[in-house]
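Asks: Dropping a structure here in structure tokens format, bear with me for questions.
The values are calculated or read from the model by the stated rules, or taken from the named source; none is laboratory data. Remember, it's a predicted structure, so these values are computed and weren't measured experimentally. Accessible surface areas use protein heavy atoms only, side chains included; no ligands, DNA or RNA. Shrake-Rupley method; radii C 1.70, N 1.55, O 1.52, S 1.80 Å.
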Amino acid sequence: MLKKILLTVSATWSFVIVYYISRLFKLENTQLDDFWRVFWLYVKNNHAKATFLILGTIIMIFTPLVVVRLKKEEQLAKAKLIELNDNTYVPTYLGYFFVGMSVDNFASMVVFYLIIFVFTFFSGIEYFNPIFLFMGYHIYKVESDMGVQNIIILKTKNVIRRSNELNNLKLYRINNLTYIGDK
């Protein structure tokens, strides 16, 4: 349960970041070239919030990688079918972005965040984390030779196109049908 909560917070943390970045742009009608000046001014005047956001972001980047690797490795014996699924989650990214940009105040942000958190937690997509794409991971839908469909989040240099490239791959289980690993 704790693992699922941490993964859900990590997966939804981008909403909080987008909210605060949008607030920075609204301060003094900040333009892009003034962003860093306003950012450092905000950090200087709001130590607690800035520390919370920066440390929270760093923690949320590494939490899913650490939490998942606490479990023992499992092996994907043989993959029959593979499909790259990175673009399937674009609407989710955009949802976080647009809602985070449109929220006007802290109370609304908390309410929207809790709604997104509950939805993500109970829908079982706590494995989806936008940070993974920036870290070089790809999301694949894989069908095993037994006919079971799994989601595999895999860090690779190149996109995998053939199912035999996944045979005998060592992975860490995130939930019943989702795994993460490196190739």
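Asks: Against the longest alpha carbon principal axis of the chain, how many degrees, from 0 to 90 and to the nearest 10, is the axis of helix 90-102 turned?
Replies: The helix 90-102 is inclined about 10 degrees to the chain.
Asks: Working from Cα positions, state the angle (0 to 90°, nearest 10) between the long axis of helix 47-69 and the longest principal axis of the chain.
Replies: The angle comes out near 0 degrees.
Asks: Right, here's the next one. Among K170, K71, K44, which one shows the highest mean-square fluctuation when the chain is modelled as a Gaussian network with alpha-carbon springs under 10 Å?
Replies: K44
Asks: Taking a threshold of 23 Å on the Cα-Cα distance, which of the pairs K141/K170; K4/K78; K78/K141; K3/K78; K78/K155; K78/K157 fall above it?
Replies: The answer is K4/K78; K3/K78.
Asks: List the residues whose amide H sits under 5 Å from the amide H of L171, counting only those 5 or more places along or on another chain, with H placed 1.01 Å from N in the peptide plane.
Replies: Counting only residues 5 or more places away or on other chains, the set is E74, Q75, L76.
Asks: What's the carbon and sulfur percent of the chain's accessible surface, probe 1.4 angstrom, rounded to a whole number?
Replies: 65
Asks: Work out how much length M1 to N46 would gain on full extension: take 0.36 nm times their residue separation and subtract the Cα-Cα distance, in nm to one decimal.
Replies: Extra length from M1 to N46 when fully extended: 12.9 nm.
Asks: May I pose another question? Using only Cα atoms, find the angle between the long axis of helix 2-26 and the longest principal axis of the chain, and express it within 0 to 90 degrees, rounded to the nearest 10.
Replies: 40
Asks: When DSSP assigns beta bridges and you keep just the ones with both residues in the chain, what percent turn out antiparallel, to the nearest 5? It would help to have the intermediate numbers written out before the result.
Replies: Values: 19 of 24 bridges.
The answer is about 80 percent antiparallel.
Asks: Probe of 1.4 angstrom, ligands and nucleic acids ignored: what's the accessible area per residue over the chain, in square angstrom?
Replies: 59
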